[in-house]
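Down below is the structure, laid out as structure tokens.
The values are calculated or read from the model by the stated rules, or taken from the named source; none is laboratory data. Please read all numbers here as calculations on a predicted model, not as lab measurements. Heads up, the Cβs are rebuilt from the backbone with ideal geometry, glycines too, and the neighbour counts pull from every protein chain shown.
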Amino acid sequence: MVQEIWKRCTEGPWEVSNYGHMRYTERVGSGAATRHAGDPIKFYPNRIGYLYTVRKYRRKVIGIFLHQYVARYFIGERPVGKVVCHEDNNKTNCAIWNLRYDTQKQNNLDALRDGLFLNRSKITKDDAVRIKSLRGTVNAATLAAEYGTSIKSIYRVWSGERKYYA
């Protein structure tokens, strides 16, 4: 079993561990909002699943993505053009042995390999053919409402910019 190691963060009175935890290093706040040294910092999944929290420190609001802090303090500064990748593609597993720096392209390939990219298109191939045939006779907003998609998606089908079908 690997021992939990804590490293002090320079952005505020907290520290991050190799296990993917964060805690306060000193007393902050007052009244019911008081947090003491050693108290854990709570993180919540954002809309796409990454653990995130917001802290106020010295009149500044700081947004914290846990995986980015763990990587920065245990792997090092993020190289230009790289992103933090989760080995198991579990965005809530922020332990250091699950993180690495890699390109966005490789991160996407990992997600594709693990079945995380699903075809979310609402427009089938037959729909795209019909939408193209109606160009100039029906406006994009009407077609978007009919197919439950965005106006931009209709314009993309019309222009052939992207293939929007399953």
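Does region 47-85 hold any residues that are at pLDDT below 90 and farther than 16 Å from E11 by Cα, and which are they?
Hits for region 47-85 are R47, I48, G49.
Within region 50-75, take every residue that is free of Cβ contacts under 8 Å to residues at least 40 places away in the same chain and of a type in the set (A, V, I, L, M) and give me the one that is farthest from H21 (Cα to Cα).
V61
Just to verify a result, which residue in region 93-144, among those that are part of a loop (DSSP other than H, G, I, E, B) and among the basic types (K, R), is farthest from G160 (Cα to Cα)? I'd like the intermediate steps shown before the answer.
Looking only at region 93-144, we keep the residues that are part of a loop (DSSP other than H, G, I, E, B), and these are 93-95, 103, 114-124, 134, 136-137, 139.
Those left that are additionally among the basic types (K, R): 120, 122.
On the way: R120: 18, K122: 16 Å.
Ranking the qualifying residues of region 93-144, first place goes to R120.
How many residues does region 47-92 hold that are outside any strand (DSSP E or B) and farther than 19 Å from E4 by Cα?
Of all residues in region 47-92, those outside any strand (DSSP E or B) come to 47-50, 58-59, 66-82, 87-92.
Remaining after also requiring farther than 19 Å from E4 by Cα: 47-50, 58-59, 77-82, 87-91.
Residues that pass the stated criteria total 17.
Could you please find all residues in region 6-37 being touching a His at 6+ places or on another chain (Cβ under 8 Å), surrounded by 17 or more Cβ atoms within 10 Å (Cβ to Cβ) and under 14 Å from Y57 (Cα atoms)? Steps first, answer last, please.
First, pick out the residues of region 6-37 that are touching a His at 6+ places or on another chain (Cβ under 8 Å): 20, 24, 27.
Adding the requirement that they be surrounded by 17 or more Cβ atoms within 10 Å (Cβ to Cβ) leaves 20, 24.
Within region 6-37, just Y24 meets the criteria.
Can you tell me how many residues within region 25-45 are on the phi < 0 side of the Ramachandran plot and at pLDDT below 90? It would help to see each step written out before you state the result.
Taking region 25-45 as the starting set, the residues that turn out to be on the phi < 0 side of the Ramachandran plot are 25-28, 30, 32-37, 39-45.
Imposing the further condition that a residue be at pLDDT below 90 reduces the set to 26-28, 30, 32-37.
Number of matching residues: 10.
Looking at R78, R100, R47, R113, can you tell me which residue is in contact with a strand residue (DSSP E or B) (Cβ under 7 Å, 6 or more places away or on another chain), among the basic types (K, R), surrounded by fewer than 16 Cβ atoms within 10 Å (Cβ to Cβ) and more than 18 Å from M22 (Cα to Cα)?
Numbers: R100 fails: surrounded by fewer than 16 Cβ atoms within 10 Å (Cβ to Cβ); R47 fails: in contact with a strand residue (DSSP E or B) (Cβ under 7 Å, 6 or more places away or on another chain); R113 fails: in contact with a strand residue (DSSP E or B) (Cβ under 7 Å, 6 or more places away or on another chain).
Just a single option satisfies the conditions, and that option is R78.
Mind checking which residues of region 93-123 are more than 21 Å from K7 (Cβ to Cβ), hydrophobic (A, V, I, L, M, F, W, C) and modelled with pLDDT of 85 or more?
Within region 93-123, the subset more than 21 Å from K7 (Cβ to Cβ) is 102-123.
So of that shortlist, the ones also hydrophobic (A, V, I, L, M, F, W, C) come out as 109, 111-112, 116-118, 123.
Of everything in region 93-123, just one residue is more than 21 Å from K7 (Cβ to Cβ), hydrophobic (A, V, I, L, M, F, W, C) and modelled with pLDDT of 85 or more, namely L109.
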